[in-house]
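Worksheet: one structure, shown below.
The values are calculated or read from the model by the stated rules, or taken from the named source; none is laboratory data. Note that the structure is a prediction, hence the values are computed from the model and not measured. Neighbour counts are summed over all protein chains in view; Cβ atoms, including those assigned to glycine, are modelled from backbone coordinates with ideal geometry. Accessible surface is based on the protein model in full, side chains and every heavy atom, while ligands, DNA and RNA are left aside. Shrake-Rupley method; radii C 1.70, N 1.55, O 1.52, S 1.80 Å.
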Amino acid sequence: MANKSSALCPQCQKEVELDSHKICPYCNFYFPLTPSERLSLIADEDSFVEMAVGMRSVNPIALAGYEDKLKENQKKSSLSDAVSIGKCRIEGQDVVVGIMSFSFMGGSMGSVVGEKITQAIIEGCLNGEPVILFTASGGARMQEGIFSLMQMAKTASAAALLEETRTPLFIVLTNPTTGGVTASFAMLGDVILAEPGAVIGFAGPRVIEGTIREKLPEGFQRSEFQLERGFVDMIVTRGKLRSTLSYLIKTHTRRIPNE
Amino acid sequence: MSEIKDDTMLKSTLERIETIVTSAKEQKSSWDCVLLSRQQGRTGAKQYINLMCDDFMELHGDRLYGDDPAMVGGIGTIGGRAITFIGNHKGANFKENVLCNYGMSNPEGYRKALRLAKQAEKFGRPVVCFIDTPGAYPGLGSEERGIGEAIAQNLKVFATLKTPVLCFIIGEGGSGGALGIGVGDKLYMLENAVYSVITPEGFASILLRDPSKAKEAAEAMKMTARNLKEFGVIHDIIAEKSPIETAQLIKDIIIRDLDVLCAKPVENLVRYRIRKIRGIGEVSGGKEWWDPLLEVFKKTESLR
């Protein structure tokens, strides 16, 4: 199968032909990738084994319309929720991965996303395997009320366990990563990578504009801005992603005295 | 036997009054609580701290950038026990409100809280947090200095802080800004306090697509102390009386809880805290999570 597809670039409005990297040849816009497209860029062929396949969202605060919204998004995206987790190999090295999808309810973090991220992290802790999380999220899933807020605490406390077991956490921030995901595990990586041009921040651009009552400066909250401000280690193109992750895995082997 | 008769009458009258009070409480809507929690002149963190201990010493600064007046912190003693207090500070009047940015912290506020929490850990002081904020400040400087990173660090460090942490939501518990000083061993809410992932106004305009439906949103979001008690997210609800009486109730809880928590081995304390956080969330088709967590605990033990 030829990995070519055509699409309209949302940034420069041109009709473009895309290869498996899905980058606009005119303006360098990074199109979102599905979990399987992402895996084909980084993982060894057929090495991915999905975890927590059967996990589904429920309606914890009994909010009218939430179940329909979930069904609609499951149908539209052919995903079960906003994150897929599993184990795979990158250049022969075992890792745990989590890949978020903005296309599922804006990548919002409800109980399922929080639980799956936590499971991925715990799995990494158990086997000393690096955990790699690709983020894409508008923030907490408001439809789950306080339970969505609590997922921030849950994922961050899991990240604390990584610390104690000396297991590496690598974060790849993709467009966009905001709200409760930024304010929890996304900012807790040992190394934080970002794709070019991704919006990365806590409050969304419109909320900030509403607060300060003026337009945001060009490039505000983009990856390059975050690199300059010291919140991102490096910006990585899709072509360099596999080799960069592979290098990080190699150089973050656990070296525990007396083990 | 007229005495008994009178007594019975008095008792029944008292019971009736109690029923009226209780039903009045029951009828208080979520929106009523939202308004009460935001009311100008409501007792704030600094006032509660000063009502509870007469020797509070405020400490300032995050040692990185500045001092955030929207976050108050310092040391005080209760019953001879030194405690690190941290709290959102909205200010008692309009002038103070402006000075403290209405209790909306910038990153330096969360980093000050983190510094004081670590200091408390070092000297074996328990930490008491008072939450009362509409949220973290969504401004330019706040973003530039990494408000997301600041909150994330707090969540992680408080989760494994090796000293007891008690949290009290005394007014508005606004989203990540509240959670940033809200991870601890016990979480309590005042009767009229609220705690939510977004303001009802925000919820109304985003999900209900009508900002005027905030009242309806408040109901749907289940953000009152009673809702959160039912969800098992908070440990208990504290009755609101006069500021002095409420402060006394909070103080009693602090004394009671710290007597218990300070006596526990700190390792167990941290494990119990993590276990509690680990369990929050509702999914279908999930698997049992306790055994893997226990295994990780064993692993961290062997690494020590």
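Picking from A:Thr178, A:Thr135, which residue would you name as being closer than 28 Å to B:Leu187 by Cβ and in contact with a Leu (Cβ under 8 Å, 6 or more places away or on another chain)? Of A:Thr178, A:Thr135, the one residue that is closer than 28 Å to B:Leu187 by Cβ and in contact with a Leu (Cβ under 8 Å, 6 or more places away or on another chain) is A:Thr135. Evaluate the following for B:Glu216: is it of a type outside the set (Ser, Thr, Tyr), open to solvent by 60 Å² or more (accessible area, probe 1.4 Å) and either modelled with pLDDT of 95 or more or under 30 Å from A:Lys69 (Cα atoms) (or both)? It is true that B:Glu216 is of a type outside the set (Ser, Thr, Tyr), open to solvent by 60 Å² or more (accessible area, probe 1.4 Å) and either modelled with pLDDT of 95 or more or under 30 Å from A:Lys69 (Cα atoms) (or both).
Of all the residues in segment A:12-31, those that are within 22 Å of the chain's Cα centre (by Cα) and surrounded by 15 or more Cβ atoms within 10 Å (Cβ to Cβ) number 8. Please go through segment B:144-166 and pick out each residue that is open to solvent by 10 Å² or more (accessible area, probe 1.4 Å) and closer than 30 Å to A:Arg222 by Cβ. Within segment B:144-166, B:Glu144, B:Arg145, B:Glu149, B:Gln153, B:Lys156, B:Val157 meet the criteria. Among the criteria (1) of a type in the set (A, V, I, L, M, F, W, C); (2) more than 8 Å from chain B (Cβ to nearest Cβ); (3) under 27 Å from B:Thr199 (Cα atoms), the one A:Leu245 does not fulfil is (3).
Which residues, counting only those in segment B:246-296, are within 30 Å of A:Arg56 (Cβ to Cβ), surrounded by fewer than 17 Cβ atoms within 10 Å (Cβ to Cβ), out of contact with any helix residue (DSSP H, G or I) (no Cβ under 7 Å at 6 or more places or on another chain) and among the basic types (Lys, Arg)? The answer is B:Lys287, and nothing else. Filtered by the rule that a residue be without any contact (Cβ under 8 Å) to a residue 40 or more places away in the chain and of a type in the set (Lys, Arg), segment B:233-263 gives B:Lys241, B:Arg256.
Scanning segment A:32-91 for residues that are open to solvent by less than 20 Å² (accessible area, probe 1.4 Å) and of a type in the set (Asp, Glu) yields one hit, A:Asp81. Listed conditions (1) more than 14 Å from every other protein chain (Cβ to nearest Cβ); (2) more than 18 Å from the chain's Cα centre (by Cα) are all met by A:Glu37, apart from (2). Scanning segment A:106-129 for residues that are assigned to a loop (DSSP other than H, G, I, E, B), more than 9 Å from chain B (Cβ to nearest Cβ) and buried (at least 22 other Cβ atoms within 10 Å of the Cβ) turns up just one, A:Ser108. Taking the stated definitions as given, is A:Met100 open to solvent by less than 30 Å² (accessible area, probe 1.4 Å), over 27 Å from A:Val199 (Cα atoms), under 21 Å from the mean Cα position of the chain (by Cα) and among the aliphatic types (A, V, I, L, M)? Spelling it out, it is not the case that A:Met100 is open to solvent by less than 30 Å² (accessible area, probe 1.4 Å), over 27 Å from A:Val199 (Cα atoms), under 21 Å from the mean Cα position of the chain (by Cα) and among the aliphatic types (A, V, I, L, M). When the test is whether a residue is surrounded by fewer than 19 Cβ atoms within 10 Å (Cβ to Cβ), at pLDDT 95 or above and under 28 Å from A:Val112 (Cα atoms), A:Arg242 passes it.
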